[in-house]
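**Student:** Once you've had a glance at the structure underneath, I'll fire off some questions.
The values are calculated or read from the model by the stated rules, or taken from the named source; none is laboratory data. Predicted, not measured: the structure shown is a model, and the values here were computed from it. Counting neighbours? That spans all protein chains shown, and the Cβs are built from the backbone with ideal geometry, glycine included.
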Amino acid sequence: MEGDPALRLRVFDLNCWAIRYLSKRRQERIRLIGDRLCQEGFDLVLLQEVWSEQDYSDLKAKLGGCCPYSHYFRSGVIGSGLCIFSKFPILDTLLYQYSLNGYPYMLQHGDWFCGKSVGLAVINISGIVFNVYVTHLHAEYCREKDAYLPHRVVQAWELLQFIRHTAKAADVVLLGGDLNMHPQDVGIRLLRCWTGLRDAFTETKHFEGCEDGCTLIPNNCFTVNSELQPFPLGIRIDYILYKAGSGFTVRCEELQTTTGTAPGTDIPYSDHEAVMATLHVQRTGQAAGVTPSTAVPALVEVLSEARTEVRVGLQAARRQRYSSGRMALLALLLLLLQAAAALGALAGLAEGQPFPKLSFALLAFLALGVLLLATGLHLFHTIEVKMLQGTEEQMRMALGVLQEHPGRS
């Protein structure tokens with residue numbers, strides 16, 4: 001009831017940047033992260049980019065005293081990199097892998113191989129059911145020409161749908177992670193507007209840390225400063241979002257970010273700054289009111305904007321599918337011509353003209369390689385078209401429902 005004491009919950013969120021063989025001073029930083037978590041005794045720890053299961057095992061062993069319950073979410077070629085540590089028992093877990101996640105041929109970015117996903121852990125804390133989500137969306141890389149924006153919007157759409165359909169029985173919803181979106185980007189506006197999640201940074205009563213809550217800052221020694229040139233203060237792409245269910249209230253009393261190097265060292269914990277929130281959860285005993293219809297126009301606007309971005313991506317995917325299909329067809333025709341020429345040579349139709357066997361073989365191998373590559377790309381972009389088309393149709397249907405029956409949103 002309203003007189004019940006508030007539950008105080010300390011939450012830690014960090015993109016650990018722990019890529020085996022590639023991330024600088026990875027093992028040392030994982031050790032520092034574990035030390036910090038042990039010292040401060042957080043109730044919930046949400047980590048991303050823990051790509052090595054050995055790193056997870058090391059953290060699990062170190063945090064056994066303060067956060068004895070944990071789960072590592074596995075997906076994709078090298079794993080999702082997501083894990084949760086909790087002071088309270090984890091009752092259930094679920095993982096959803098996003099349908100689109102960049103391009104396999106963009107090896108320098110590597111997002112496609114990472115199995116970007118959202119993980120859910122259901123946790124009962126003092127009789128209150130928490131649905132705790134941790135996620136990591138596709139990186140931006142270039143803001144001026146963001147080729148991955150449609151994929152990230154699709155991921156944001158799938159994330160909000162996953163939360164909507166799994167959080168109905170939860171008393172409190174908590175989402176943490178590297179969303180790779182600025183606060184005013186269409187994807188996060190869509191996520192927050194549709195789910196009703198509140199941003200701990202904008203809601204907190206007391207903030208301490210990097211200016212504007214930035215979590216990717218220029219004075220981090222692991223940051224590529226050229227990528228932050230348009231943003232001298234840095235950018236805020238790591239979030240702790242929350243909302244209360246019926247009969248509960250949640251407020252953020254305090255929010256902190258790390259601000260550079262770990263105490264007593266010359267390195268930070270990661271190329272991202274950690275986000276640490278102190279939440280107060282209280283039972284009110286009152287049913288939540290109906291969402292006011294005044295929110296519908298804003299939701300229609302942001303959903304229309306998101307749908308436009310998906311349609312732009314759909315057009316680009318169709319062009320790439322057509323180009324790769326045409327390339328595969330040309331390679332196939334070249335192979336058929338070579339086969340016809342070879343048959344003619346064997347039949348003696350080309351007497352008097354020595355047959356260049358080595359050149360012919362090299363050309364055949366080249367044509368076969370192009371055929372296989374182009375066919376693979378054509379199949380990949382066909383799947384991409386279907387996923388984008390499916391999301392666009394879902395958004396169109398949702399827009400129709402919002403405009404015709406606002407109360408059903």
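**Student:** Here is a check on your reading of the model: is TYR141 in the same structural domain as HIS272 (by TED's automatic domain parsing), closer than 24 Å to VAL281 by Cα and surrounded by fewer than 20 Cβ atoms within 10 Å (Cβ to Cβ)? First the steps, then the outcome.
**Tutor:** Numbers: in the same structural domain as HIS272 (by TED's automatic domain parsing): yes; closer than 24 Å to VAL281 by Cα: no; surrounded by fewer than 20 Cβ atoms within 10 Å (Cβ to Cβ): yes.
Against the criterion (in the same structural domain as HIS272 (by TED's automatic domain parsing), closer than 24 Å to VAL281 by Cα and surrounded by fewer than 20 Cβ atoms within 10 Å (Cβ to Cβ)), TYR141 does not qualify.
**Student:** Going by the conditions given, is ARG198 of a type in the set (Lys, Arg), assigned by TED's automatic domain parsing to the domain that holds TRP51 and crowded, with 21+ Cβ neighbours inside 10 Å?
**Tutor:** no
**Student:** Which residues, counting only those in region 123-177, are closer than 24 Å to PHE88 by Cβ and among the acidic types (Asp, Glu)?
**Tutor:** Residue satisfying the conditions is ASP171 alone.
**Student:** Still on this structure, I have one more. List the strands (runs of 3 or more DSSP E) inside region 57-137, counting only whole elements, that have at least 3 residues being within 17 Å of the chain's Cα centre (by Cα) and farther than 30 Å from VAL310 by Cβ. Steps first, answer last, please.
**Tutor:** Values: elements: 69-73, 82-86, 90-97, 117-125, 128-136.
No strands (runs of 3 or more DSSP E) qualify here.
**Student:** Answer yes or no: is there a residue in region 258-270 that is over 18 Å from MET181 (Cβ atoms), surrounded by fewer than 18 Cβ atoms within 10 Å (Cβ to Cβ) and within 22 Å of the chain's Cα centre (by Cα).
**Tutor:** Looking for residues that are over 18 Å from MET181 (Cβ atoms), surrounded by fewer than 18 Cβ atoms within 10 Å (Cβ to Cβ) and within 22 Å of the chain's Cα centre (by Cα), one finds none in region 258-270, hence no.
**Student:** Hey, another quick one. Sort through SER226, SER270 and tell me the only one that's in the same structural domain as LEU47 (by TED's automatic domain parsing) and assigned to a helix (DSSP H, G or I). Talk me through it step by step, then tell me what you get.
**Tutor:** Numbers: SER270 fails: assigned to a helix (DSSP H, G or I).
Residue meeting the stated conditions: SER226.
**Student:** Right, next: Of the residues that sit in region 213-234 and are under 17 Å from ALA139 (Cα atoms) and in contact with an Asp or Glu (Cβ under 6 Å, 6 or more places away or on another chain), which one is surrounded by the most Cβ atoms within 10 Å (Cβ to Cβ)?
**Tutor:** Ranking the candidates gives THR215 first.
**Student:** ALA367 - would you say it is over 30 Å from LEU197 (Cβ atoms), surrounded by 15 or more Cβ atoms within 10 Å (Cβ to Cβ) and at pLDDT below 95? Give the derivation first.
**Tutor:** On the way: over 30 Å from LEU197 (Cβ atoms): yes; surrounded by 15 or more Cβ atoms within 10 Å (Cβ to Cβ): yes; at pLDDT below 95: yes.
So ALA367 passes the test.
**Student:** Hey, another quick one. Suppose we keep only residues that are of a type outside the set (Ser, Thr, Tyr) and in contact with a Gly (Cβ under 6 Å, 6 or more places away or on another chain) within region 110-139. Which one would you say is farthest from ALA316 (Cα to Cα)? Steps first, answer last, please.
**Tutor:** Of region 110-139, the ones of a type outside the set (Ser, Thr, Tyr) are 110-116, 118-125, 127-132, 134, 136-139.
If we keep only those that are in contact with a Gly (Cβ under 6 Å, 6 or more places away or on another chain) as well, we get 111-112, 114-115, 134, 136, 138.
On the way: ASP111: 19, TRP112: 18, CYS114: 23, GLY115: 23, VAL134: 30, HIS136: 24, HIS138: 18 Å.
This residue is VAL134.
**Student:** When region 290-342 is examined, which residues are found to be more than 15 Å from MET395 (Cβ to Cβ), among the polar types (S, T, N, Q) and assigned to a helix (DSSP H, G or I)?
**Tutor:** Of everything in region 290-342, those that are more than 15 Å from MET395 (Cβ to Cβ), among the polar types (S, T, N, Q) and assigned to a helix (DSSP H, G or I) turn out to be GLN315, GLN320, SER323, SER324, GLN338.
**Student:** Go through the residues of region 185-194 one by one and say whether even a single one is without any contact (Cβ under 8 Å) to a residue 12 or more places away in the chain and either of a type in the set (Ser, Thr, Tyr) or outside the structural domain of VAL312 (by TED's automatic domain parsing) (or both). Walk me through how you get there before you give the answer.
**Tutor:** Quick first cut of region 185-194, residues without any contact (Cβ under 8 Å) to a residue 12 or more places away in the chain only: 185.
Imposing the further condition that a residue be either of a type in the set (Ser, Thr, Tyr) or outside the structural domain of VAL312 (by TED's automatic domain parsing) (or both) reduces the set to 185.
Scanning region 185-194 turns up at least one residue that is without any contact (Cβ under 8 Å) to a residue 12 or more places away in the chain and either of a type in the set (Ser, Thr, Tyr) or outside the structural domain of VAL312 (by TED's automatic domain parsing) (or both).
**Student:** Just checking, how many residues over region 136-160 are touching a strand residue (DSSP E or B) at 6+ places or on another chain (Cβ under 7 Å) and within 10 Å of GLY102 (Cα to Cα)?
**Tutor:** Here the count works out to 0.
**Student:** Looking only at region 159-196, how many residues end up being closer than 14 Å to ILE240 by Cα and outside any helix (DSSP H, G or I)?
**Tutor:** Matching residues across region 159-196 total 13.
**Student:** Within region 24-42, restricting attention to residues that are in contact (Cβ under 8 Å) with a residue 60 or more places away in the chain and assigned to a loop (DSSP other than H, G, I, E, B), which residue is nearest to THR278 (Cα to Cα)?
**Tutor:** PHE42
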